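A short worksheet on the structure shown next.
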Amino acid sequence: MCAPKWPGRARLARILAHQLFGVTADIREVADRIAALGYVAVAPDFYHRAAPGVELPADDAGRERGVALMNTLTGILLPRLTQAPK
């Protein structure tokens, strides 16, 4: 979570959903930029149960592992993927 450095003010929040590759440096950078605008920015790790803190490479192997991790998510109604999206 990133929060602006202005104490005592009411804050609006933005939730960032990460891509297939996890909470990467790119996602954290976007969260920092949003916080710099005065918002609270939250980027939850959806893979926290199966692979906490994982950052996958943006390549074929990363996509394959990301699909496998996405298929471990619980509590949501998503069709299971059998292959990485193109």
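Count of region 10-24 residues, restricted to those that are in a strand (DSSP E or B) and over 20 Å from Ala50 (Cβ atoms), is 3.
Residues are listed down the side, and each one gets a yes or a no for (1) part of a loop (DSSP other than H, G, I, E, B); (2) buried (at least 18 other Cβ atoms within 10 Å of the Cβ):
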| position | (1), (2) |
| --- | --- |
| Asp26 | no, no |
| Glu29 | no, no |
| Ile34 | no, yes |
| Phe46 | yes, no |
| Pro52 | yes, no |
| Pro57 | yes, no |
| Ala61 | no, no |
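Taking residues in region 40-65 that are β-branched (Val, Ile, Thr), and partners anywhere that are not in a helix (DSSP H, G or I), the pairs with Cβ atoms closer than 6 Å and at least 6 places apart or on different chains are Val40/Ala3; Val40/Arg11; Val40/Ala13; Val42/Met1; Val42/Ile15; Val54/Gly22; Val54/Tyr47. Close Cβ contacts (under 6 Å, 6 or more residues apart or on different chains) running from residues in region 19-30 that are within 23 Å of Thr72 (Cα to Cα) to residues that are in a helix (DSSP H, G or I) and not basic (Lys, Arg) comprise Leu20/Gly66; Phe21/Gly62; Phe21/Gly66.
Every number in this text was worked out from the coordinates using simple rules, so none of it is lab data. Here the structure is a predicted model, which means the values were calculated and not measured. All Cβ positions, even for glycine, are placed from backbone atoms using ideal geometry, and neighbour counts span all protein chains on display.
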